[in-house]
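I have placed the structure first, in the form of structure tokens, so that the comments after it can refer back to it.
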Amino acid sequence: MTPEALIFDVDGTLADTERDGHRIAFNAAFAEAGLDWDWDVDLYGELLAVTGGKERMRHYVERCRPDYAMPADFDALIARLHAAKTRHYTALLGRGGIPLRPGVRRLISEARARSVRLAIATTTTPDNVSALLRHAVAPDAESWFEVIGAGDLVPAKKPAPDIYYYVLERLGLEPARCLAFEDSENGLRSAQAAGLKTVITVNDYTRAHDFRGAAIVLDQLGEPDRPFRVLSGPAVNGAACLDFDLLKKLYRGP
Ligand code: XBP
Ligand code: MG
């Protein structure tokens, strides 16, 4: 049995966008606004527990900057900073700054060749998804994805299941017909709560997360000449990468 649709998270799953992408863009927006906020690699790793850029900035001010005198129009400041951050981030993607993770292009191509439907479920801003797909995948890659669920389309971000519910409803599919791809514990909780079987590819920020309940946990999707490592999950009988043979075994749908 083959799943009818693959639903991909974006940040950390399609590409390693956090440390050298979103983080750099946040810092550029802070500097531009004359703020002394500076998120180093370790601090950013802690802040990633909060999904969503606006939510993350608020959390930082509330938890880490008791010295900061919040202006009366703090909401407006957050909105301005976030718009600037999106501008910096999409410009960085436009310069080809962030490549896809290993195996992502191969798996997407294989899915398209088999007419398996594709969708996106992410907390990031829609403009960021468009820019990544256009610049790192292909100029017309947005049209390959039937549903793009992103950002503030739903009120509650991951780990809430809302964005996956949104995508499933628009695909018109039961979760048992789909497979999700995530890189983080918040992402896994979100997909699981929506009833989706989930493949995890870890990255440096998420390696130590709790991935109990995932269909399989890999270091990356793998290429024939760049094999993945299985961090937990079923035996893969010498497979080097997550192709449709392995995917079907993991899926075992209705
Ligand atoms: C990704 C995120 C995003 C980005 C920032 O989580 O948490 O918030 O860090 O994007 P996931 P915005 O991969 O689980 O979707 O600034 O556009 O919110
Ligand atoms: Mg992610």
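The values are calculated or read from the model by the stated rules, or taken from the named source; none is laboratory data. This structure is a prediction, so every number in the text was calculated from the model and none was measured. As a convention, Cβ positions derive from the backbone with ideal geometry for all residues, glycine included, and neighbour counts pool all protein chains shown. The protein model used for the area step is the full one, side chains on, heavy atoms only, and it has no ligands, DNA or RNA in it. Shrake-Rupley method; radii C 1.70, N 1.55, O 1.52, S 1.80 Å.
Of all residues in the range 110-125, those that are away from ligand 1 (no atom under 16 Å from the Cβ) have Cβ atoms under 7 Å from Cβ atoms of residues that are open to solvent by 70 Å² or more (accessible area, probe 1.4 Å), 6 or more apart or on another chain, in Val116/Glu4; Arg117/Glu4; Arg117/Glu146; Leu118/Glu146.
Considering only the range 126-150, state which residues are within 14 Å of ligand 1 (Cβ to nearest atom) and either in contact with a strand residue (DSSP E or B) (Cβ under 7 Å, 6 or more places away or on another chain) or without any contact (Cβ under 8 Å) to a residue 60 or more places away in the chain (or both). Scanning the range 126-150 gives Pro126, Asp127, Val129, Ser130, Ala131, Leu132, Ile148, Gly149, Ala150. Out of Ala131, Ala156, Ala193, Ala136, one residue alone is of a type in the set (A, V, I, L, M) and either more than 22 Å from Ala83 (Cα to Cα) or within 12 Å of ligand 2 (Cβ to nearest atom) (or both). It is Ala193. Output the residues belonging to the range 221-249 that are outside any strand (DSSP E or B), surrounded by fewer than 20 Cβ atoms within 10 Å (Cβ to Cβ) and either of a type in the set (Val, Ile, Thr) or in contact with a strand residue (DSSP E or B) (Cβ under 8 Å, 6 or more places away or on another chain) (or both). Of everything in the range 221-249, those that are outside any strand (DSSP E or B), surrounded by fewer than 20 Cβ atoms within 10 Å (Cβ to Cβ) and either of a type in the set (Val, Ile, Thr) or in contact with a strand residue (DSSP E or B) (Cβ under 8 Å, 6 or more places away or on another chain) (or both) turn out to be Arg229, Gly233, Pro234, Val236, Ala240.
Residues in the range 118-130 that are of a type outside the set (Val, Ile, Thr) and either buried (at least 20 other Cβ atoms within 10 Å of the Cβ) or at pLDDT below 95 (or both): Ala119, Ala121, Asn128.
Exactly one residue among Arg207, Arg170 is basic (Lys, Arg) and not in a loop (DSSP other than H, G, I, E, B), and that residue is Arg170. Of everything listed in (1) over 14 Å from the mean Cα position of the chain (by Cα); (2) within 9 Å of ligand 1 (Cβ to nearest atom); (3) polar (S, T, N, Q), the single unmet condition for Thr13 is (1).
Tell me, please, whether a residue that is modelled with pLDDT of 95 or more and within 13 Å of ligand 2 (Cβ to nearest atom) can be found in the range 216-237. No. When Thr198 is tested against (1) buried (at least 20 other Cβ atoms within 10 Å of the Cβ); (2) over 26 Å from Ala113 (Cα atoms); (3) among the hydroxyl-bearing types (Ser, Thr, Tyr), just one condition goes unmet, and that condition is (2).
Within the range 1-20, residues that are within 16 Å of Pro126 (Cα to Cα) reach partners that are β-branched (Val, Ile, Thr) and outside any loop (DSSP other than H, G, I, E, B) with beta carbons closer than 6 Å, at six or more positions or on different chains, in the pairs Ile7/Val167; Phe8/Ile120; Val10/Val129; Leu14/Val104. Restricting attention to the range 104-123, does a residue exist that is out of contact with any Asp or Glu (no Cβ under 9 Å at 6 or more places or on another chain) and acidic (Asp, Glu)? Checking the range 104-123: not a single residue is out of contact with any Asp or Glu (no Cβ under 9 Å at 6 or more places or on another chain) and acidic (Asp, Glu). Residues in the range 45-102 that are open to solvent by 40 Å² or more (accessible area, probe 1.4 Å), in a loop (DSSP other than H, G, I, E, B) and aliphatic (A, V, I, L, M): Ala49, Ala69, Met70, Ala72.
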